[in-house]
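In what follows, a single structure is set out as structure tokens and then discussed.
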Amino acid sequence: MARLTVRPPRGARRALIALLAAELAAPLACSPWSPKPPERLILIVIDTLRRDHLGVYGAPVPTPNIDALAARGQHFTNVVASFHQTTMSMGALFTGRTPSFEAGDARVLAWNGDSWCGLTRLALAPGSDPCIPPGVPTLAEALRSAGYWTIGVASNQFLYEPSGFSRGFDDWVQVDDRPPVAGSASRRRLANPHQSRTWHSVNRASVDALNRRPRDRFFLYLHYVDVHDYIFQKISYAQAVQEMDQGVGRLLAQLESVKLLENAVVVLVSDHGEQLGEMHNFPGEHPKSYGHYGNPSFQEQLRIPLIVSPARGGHPDRFLRSQDVFQLLLEIGGVKREPSQDTEPDELFVGEARYRTYRRGRWKSFLRRADGRHFLYDLEADPLERSDIGPKFPEVTAAHAERIEQLTRSLAAKGVPQRELSESERERLRALGYLD
């Protein structure tokens with residue numbers, strides 16, 4: 001049988017060639033998901049890291065190792081923390097759920113080790129369940145069920161047991177000076193916080209844990225606090241970021257030397273940002289605000305970096321929150337799970353002690369609990385959040401106020417026993433510099 005060849009007109013051929021060339025030149029960030037999950041998934045969390053202090057995000061001082069990681073993959077430009085504090089944002093990242101302190105009727109829960117993951121509403125026994133309730137599936141559990149040997153190395157006391165963050169890890173290491181705790185996972189502790197919880201000890205603990213692994217298919221989670229501890233270390237924030245960059249470089253070099261970056265995906269993210277003296281012309285604001293205490297949560301406390309190498313995860317400009325990073329990690333690991341319906345995918349709700357913060361698209365609201373005053377900002381026209389434009393846009397203010405009230409009700413944990421901080425919880429806060 002003769003073969004029939006149909007040739008398109010010359011102009012159409014040129015158009016087709018141009019189209020194919022454009023497809024081939026399209027950025028890797030827009031490529032479809034790899035059909036096969038990687039053998040190794042590495043999650044690097046750098047506590048308190050602002051994205052604008054990384055070279056890849058435009059920082060004037062380069063961070064060559066993290067920048068090189070981004071160059072081999074992609075960096076996301078519209079990622080925010082789900083909360084301005086570690087346990088809440090990491091609770092979201094580890095469970096895919098929206099954290100909340102809401103107790104109903106615009107009241108908030110007492111802040112303690114039971115509530116500070118923001119998941120009390122999901123507890124089976126409120127007041128006695130750990131910070132991450134037993135009935136809430138975790139990232140490590142899901143990846144372990146997918147065949148990964150799960151390793152966690154944490155250096156932030158907020159994440160230590162009995163909080164529940166270790167659930168699902170086959171090997172869990174806590175970098176501090178307290179004795180081991182009982183549990184199903186192998187849990188080890190290293191000595192001397194501040195001095196021994198630097199990237200040097202985290203990297204050593206990670207290498208030791210990798211040497212204990214029974215197989216090459218693994219998920220490795222590392223949590224660094226070097227940037228968080230810049231005041232303890234008596235250096236500037238920028239210097240702490242550069243020091244941490246060296247630590248990331250050293251870790252990746254060690255992994256590469258033993259071929260553990262082959263068929264691996266590395267995800268680098270932060271739990272929240274840091275305020276470094278920015279001014280917002282906000283009523284009652286301290287002349288120079290530092291730290292990550294929120295109330296309200298300005299953008300420098302919420303904007304975080306997200307780097308995935310090699311590139312995975314869709315368009316780099318799409319809006320992502322900490323709970324969406326959970327979903328991203330599951331997808332990379334080949335785990336299929338429907339996202340939580342706590343909130344809409346394009347909105348952020350931060351229920352703080354004195355404010356309820358809400359963002360959708362370019363609009364961001366602060367609703368003060370004490371007197372109900374509502375502040376509205378346009379993040380595109382006013383990225384520094386200095387001009388309250390609520391009176392000019394009453395329809396946006398009203399829509400936000402209505403949605404805030406809906407979320408206040410739906411995310412509330414009601415009937416929870418109130419209690420003060422325990423001495424062990426106070427010890428954690430002192431170790432992290434939050435109590436004298």
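The values are calculated or read from the model by the stated rules, or taken from the named source; none is laboratory data. Treat the numbers as computed from the prediction; the structure is a model and nothing was measured. Here Cβ is always computed from backbone atoms with ideal geometry, including for glycine, and neighbour counts include all displayed protein chains. Note: accessible area is taken over every heavy atom of the protein model, side chains too, but ligands, DNA and RNA are not part of it. Shrake-Rupley method; radii C 1.70, N 1.55, O 1.52, S 1.80 Å.
The tail of the calculated P(r) for the stretch 202-297 beyond 16 Å holds 66 percent of all Cα-Cα pairs. In straight-distance terms, cross-link reach from Lys364 covers every one of the lysines whose alpha-carbon lies under 24 Å from its own, apart from those fewer than eight places away in the same chain; here that gives Lys288, Lys392.
The order of the peptides 83-94, 253-264, 220-231, 290-301 by mean Cβ neighbours within 10 Å, most packed first, is 83-94, 220-231, 290-301, 253-264. Estimated at 0.36 nm per residue, the fully extended path between Glu420 and Ala125 surpasses their Cα-Cα distance by 104.4 nm. Only one residue of Thr77, Asn281, Val265 has its Cα farthest out toward the positive end of the dipole of the chain, where Lys and Arg carry +1 and Asp and Glu -1 on Cβ, and that residue is Val265. Comparing Cα centroids, the stretch 354-415 and the stretch 135-176 end up 34 angstrom apart.
Element breakdown for the stretch 260-326 at a 1.4 angstrom probe: carbon and sulfur atoms account for 54% of the accessible area. Springs between Cα atoms under 10 Å define the GNM used for the chain, and in it the highest mean-square fluctuation of Gly247, Gly277, Gly104 occurs at Gly277.
With 0.36 nm allotted per residue and the present C-alpha distance subtracted, the Ile389-Gln341 stretch has 14.3 nm of extension available. Each peptide in 405-416, 234-245, 313-324 gets a packing score, the mean of other Cβ atoms within 10 Å over its residues, and the list from highest to lowest is 313-324, 234-245, 405-416.
Here the dipole of the chain is about 1380 debye; that uses its Cα centre as origin and unit charges on the Cβ of Lys and Arg (positive) and Asp and Glu (negative). What's log10 of I(q)/I(0) for the stretch 289-403 at q = 0.11, 0.14, 0.19, 0.22 Å⁻¹, Debye sum over Cα points only, no solvent? So the normalised log intensities work out to -0.43, -0.68, -1.09, -1.30. Normalised by residue number, the volume inside the convex hull of the Cα atoms of the chain is 198 Å³ per residue. Over the chain, accessible surface divided per residue gives 44 Å², non-protein components excluded, 1.4 Å probe. Out of Ala311, Trp111, Pro64, whose Cα points farthest toward the positive end of the dipole of the chain (charges: +1 Lys, Arg; -1 Asp, Glu; placed on Cβ)? Selected residue: Ala311.
Accessible surface for Phe101 stands near 20 Å², nearest 10, in the context of the full protein assembly shown (1.4 Å probe).
Could you pull out the GluC sites (Glu not before Pro) across the stretch 305-385 that fall in loop regions by DSSP (anything but H, G, I, E, B) with no more than 10 other Cβ atoms inside 10 Å? Qualifying residues, ordered by number: Glu380. DSSP beta bridges fully contained in the chain are about 50 percent antiparallel. Averaging Cα coordinates gives a centre for the stretch 195-256 and one for the stretch 261-300; these two points are 21 Å apart.
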